Each structure stands twice: as C-alpha cells, then as structure tokens.
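Read the structure below first, then the notes.
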Amino acid sequence: MEVTKKDLFWNYGATFMRVASALLIFPLILRFLPAYDVGLWTIIIALNSIIYLLDFGFFQTFSRAVTYIYSGAQSLQKKGFDSVVESQEINYSLLKGLIGAMRNFYGLLSLLLLLLLATVGSIYIEALLKGYEGEPLVARIAWYGYGLMLAFQFFTYYYDAALVGRGMIKRSRQIIVVSQSLHIVVSSLLLLGGVGILSMLVGQFAATLLNRFLARRAFFDPNTKRELGGVKGERTFPIIWKLFYTAGRNGLASLSQIFSNRFLALFGALYIPLEVMASYGLSKQIVDITTTLSLVWFSTHYPKLTGEQLRRSIGSVREIFVTSQIVVISTFILAAVATAFFGEWLLSLIGSSTHLISSPLLAILFLASLLEALTQLSTSLLMSRNEVPHYLAQSLTAAVTVILLLLSLHHLKWEVWALVMVPFAVQMLYQHWKWNFKVMGELKIGLNDYLDGVKSLYKAIPIFNHNK
C-alpha cells in the first residue's frame with residue numbers, strides 16, 4: 001500500500017479546511033456572540049468526546065482490519081496477525097462480513113447515544129442553564145440538535161474507517177475539503193445574518209450529510225459492489241468477538257485520552273463560569289489544531305506503516321516513526337512561537353471579547369499536548385501490530401486523572417489551572433515516557449536515524465531540492 005505525494009497533499013488540505021473552519025468561523029463567533037454563548041458552544045462541541053467513549057477503540061480496530069484485508073490477509077486474528085505476501089488477493093467474503101459487523105455495531109451504539117442524550121444529557125444541560133444569561137430555548141435546541149447530528153455521524157462512522165483502512169487517503173480527504181467548505185460558507189453566512197449560536201449547528205449538519213453521502217459513494221465503487229454482491233459475507237458476530245479482544249483493550253487505553261483531554265470542558269463547566277471557560281476553550285482549540293496538524297504526516301502514512309508491519313519491514317516502520325516525531329516537534333515549536341507573538345494581537349484585531357489564558361499556562365498547555373502527540377505516535381505504532389500492551393496503564397491514568405481533577409475543582413478552586421496541570425502531571429508519571437522509550441528501544445532508533453529523517457524532510461521540500 002503506497003502513499004503518494006497527492007495523498008499527503010490532500011491530507012494536509014483536509015486538515016487545513018478543518019483548521020480554516022476554526023480560523024474563519026471562530027473569529028465570527030467571537031465577534032458576534034457574547035462570551036456566555038462562546039462558552040456554551042465550547043461545552044456543546046465537547047459532546048464529541050462521547051463518540052470516542054462509546055466507540056471504545058473499535059474505529060481504529062475496524063480500520064486496521066480493513067487494511068489487513070486489502071493487504072491480502074485471509075483471516076482476522078484476536079491478537080497479532082498472519083504475515084502476508086504481495087500476491088495474495090482480497091478476501092471479499094471476509095470484507096463483506098466486516099462491513100456488516102461495523103454497520104451493526106455502530107447502529108446499536110447510535111441508539112445508545114440517543115438514550116444518553118435524552119437522560120443524562122437532559123440533566124446536564126438543565127444544570128448548566130441555571131447560570132446561563134442567554135435564551136434557554138435556543139440553548140436547548142443547540143444542545144439536542146448537536147446530539148442528534150452526532151448520533152447520525154456515529155451511525156455512519158464506519159464509512160471513515162473503511163476509506164482510511166483501504167488506503168483511499170486522497171479521496172477521503174477530498175471529501176473532507178468539500179464538506180468543510182460547505183460548513184464554512186453556511187455557518188459564516190448565518191452568523192453574519194444574526195442567527196447566533198444555531199449558525200454552527202446548521203453548518204455542521206449540512207457538512208455531515210454531504211460528507212456521508214460522498215464517503216459511501218467513494219468506498220462502494222462499482223467494482224467493490226460487484227465483488228461484494230457475488231459473495232456471501234462471513235458471520236458478523238464472530239468477527240466482532242474476534243476484534244473485541246484488541247478493541248476492548250484499545251478502548252480502555254483511549255479512556256486516558258478522553259478523560260484527560262476531551263472531557264475537560266464538560267467537567268470544568270460545572271465549576272467554572274462560562275466566560276472563563278470561553279478563554280480556556282479558545283486556547284485549547286488553538287492547541288488542538290496544532291496537534292491535528294502535527295499528526296497529519298503520520299496519519300497519512302499509517303495504512304502503509306500497518307502494511308509494513310504485516311511484511312515485517314522494520315526499517316520502513318522505523319523511518320515512518322522517526323520522521324513523524326520530527327514533524328510533530330517542529331509543528332508544535334512553530335505554533336507555540338506564533339501564538340505567543342501574534343495571538344492576542346490577532347484577537348484584538350478582530351475585536352474579540354474573549355482572550356487567551358495566561359502565557360505561563362498556555363506554554364504548559366502546549367508542552368502537555370506535544371508530549372501527548374508523541375505518546376500517541378508510540379501507542380499507535382504498537383496498535384498497528386494488533387496489540388495493545390498499554391491499555392491497563394492508560395486506564396489507571398484515566399481514573400487517577402478524573403479523581404484528582406474533580407477534587408481540585410471542587411475543593412481547591414484552581415479553575416483553569418486544574419484543567420491544564422492535573423492531566424499533565426498524571427500523564428508525566430508514566431505514560432509520556434514509558435511507551436516512547438519502549439518503541440524507540442524495540443526499533444533501535446539512534447541519533448543517525450533522526451539526522452536521516454531531517455535530511456529526508458529537507459529534501460522533500462521542492463525549493464531545497466535542486467533535482468526537482
């Protein structure tokens with residue numbers, strides 16, 4: 001499975017459009033919405049974390065399974081994988097069974113998401129609205145409308161897993177570019193028209209519908225539909241049961257990321273005023289954008305890395321991993337420096353009533369997210385082998401993080417400092433050094449590998465390569 005420059009270009013293009021939706025829409029949000037609505041929207045979009053919680057690691061496991069099948073695997077294993085050769089054909093019976101398993105799994109979980117929204121979600125939003133200064137009815141429409149959109153996204157979540165696993169990076173990213181463009185246009189026009197907080201909801205609904213239509217059409221091309229139509233799919237339950245061995249451990253491992261990152265806004269909103277949460281949400285969004293950009297190179301090459309693991313090509317795996325580390329570190333340095341020098345200036349330029357968190361705290365937030373991204377590289381490489389050795393440690397990390405965070409918010413009144421420092425401190429105890437050192441030791445990575453990685457990236461830039 002080869003990764004071309006077009007794949008990388010379109011992946012960066014798709015990431016740019018995700019970033020652009022924030023860079024173009026968020027200034028309008030800051031300008032046309034009061035601080036309490038900015039804070040409310042920060043809380044609403046944190047609902048995305050529920051998808052990652054309910055998915056429980058199956059997305060990555062399903063995506064890897066698709067990659068295995070398209071790389072020639074004739075069966076799926078509970079742990080590890082059978083080595084393959086290039087000449088092995090695609091097992092469409094296994095692929096059809098896997099697609100059925102994904103469809104059934106996400107269909108059931110989308111119903112569970114709606115049930116949670118109608119019960120726990122109702123209690124949460126009513127508690128949140130007690131101190132809300134805006135129109136409660138509009139806030140409820142935004143909350144429940146966003147929840148319905150997430151349920152639809154979740155039901156069709158396997159489209160993304162199938163496209164990425166198949167190695168259709170360029171096509172999947174083209175779809176993101178088109179759908180995010182629609183999101184930007186619709187949301188911006190409605191914000192300028194005075195629709196308020198519902199503008200972003202309508203824009204995301206339109207983008208999601210378009211994205212899912214194009215993704216389904218891309219994966220189920222005429223040849224794939226013909227091949228799948230000519231075979232009987234393997235039974236779905238044994239496939240899910242087999243994949244659950246890895247997915248369950250992956251899900252437990254993901255709890256650390258979810259509770260120490262994605263759930264922070266939901267926890268903080270119960271103790272911190274929405275105006276203060278708005279500053280945290282703005283700062284966190286900038287750091288999250290940086291994280292997303294830093295991981296683009298790795299995510300583009302991940303299907304290839306998984307295929308190289310199947311073929312036991314350690315040299316290729318080492319090269320992808322080292323280069324990914326260099327890209328992550330370089331991206332964070334550039335973003336942190338740019339935010340420090342130009343962040344507040346740009347906010348004042350657009351007339352924002354919301355500002356960044358304090359400089360020392362913002363620097364710690366950047367550092368914590370950098371280490372989180374580097375750890376994600378290492379754990380993702382481990383999972384490409386269909387193994388999750390880190391699940392227990394990350395589960396314990398999640399539990400400790402939640403307990404200490406709630407205690408510090410409730411009793412110590414640390415507010416935003418708690419949202420940043422508690423997860424960072426807990427992760428530093430074990431997670432941020434254990435898996436990085438484990439992978440670097442297993443791959444026997446040395447200084448020369450990093451020098452070669454820097455040289456290869458340098459030559460990849462056309463203006464520095466005289467042969468291009």
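Where a number appears in this text, it was derived from the coordinates with a stated rule and is not lab data. This one's a predicted model, so the numbers in the text were calculated from it and none came from an experiment. Cβ sites come from the backbone with ideal geometry, for glycine too, and all protein chains shown count toward neighbours.
Normalising by the residue count of the stretch 161-220, find the relative contact order in percent from Cα pairs under 8 Å and 6+ residues apart.
40
Counting alpha carbon pairs within less than 8 Å and at least 6 residues apart, what relative contact order, in whole percent, applies to the stretch 338-468?
The normalised contact order for the stretch 338-468 reaches 25 percent.
In whole Hz, with x marking every Gly and Pro, tabulate ³J(HN,Hα) for the stretch 202-210 from phi via Karplus 6.51 cos²θ - 1.76 cosθ + 1.60, θ = phi - 60°.
Computed from phi, the couplings for the stretch 202-210 are 5, x, 6, 4, 4, 5, 5, 4, 5 Hz.
Show me 364-371, 348-355 ranked by packing, highest mean number of other Cβ atoms within 10 Å first.
364-371, 348-355
Taking θ = phi - 60°, what integer Hz values does the Karplus form 6.51 cos²θ - 1.76 cosθ + 1.60 yield along the stretch 97-103, in sequence order, with x for Gly and Pro?
Ordered by residue, 3J(HN,Hα) equals x, 5, 4, x, 5, 5, 4 Hz.
Using only alpha carbon pairs under 8 Å that are at least six residues apart, calculate the relative contact order of the stretch 5-464 and give it in whole percent.
25
Mind checking Rg over Rh on the stretch 5-464, alpha carbons, Kirkwood formula for Rh?
With Rh from the inverse mean 1/r over Cα pairs, Rg/Rh is 0.95.
Can you work out the Karplus-derived ³J(HN,Hα) for every residue in the stretch 293-305? Use 6.51 cos²θ - 1.76 cosθ + 1.60 with θ = phi - 60°, whole Hz, and x for glycine or proline.
Residue by residue, the stretch 293-305 yields 5, 5, 9, 4, 4, 5, 5, 5, 8, 5, x, 5, 4 Hz.
Please say if the stretch 362-462 is rounded, prolate or oblate, where rounded means a/c under 1.5 for a ≥ b ≥ c the square roots of the C-alpha gyration tensor eigenvalues, and otherwise the choice is prolate for a/b larger than b/c and oblate otherwise?
Here the stretch 362-462 falls in the oblate category.
Nearest 20 debye, what's the magnitude of the dipole of the stretch 5-464 about its Cα centre given +1 on Lys and Arg Cβ and -1 on Asp and Glu Cβ?
1320
Would you mind checking the pairs LYS78/LYS232; LYS78/LYS304; LYS284/LYS455 and listing those with alpha carbons more than 27 angstrom apart?
Pairs exceeding 27 Å: LYS284/LYS455.
Helix 58-70 against the longest principal axis of the chain: what's the angle in degrees, Cα atoms only, rounded to the nearest 10?
The two axes meet at around 30 degrees.
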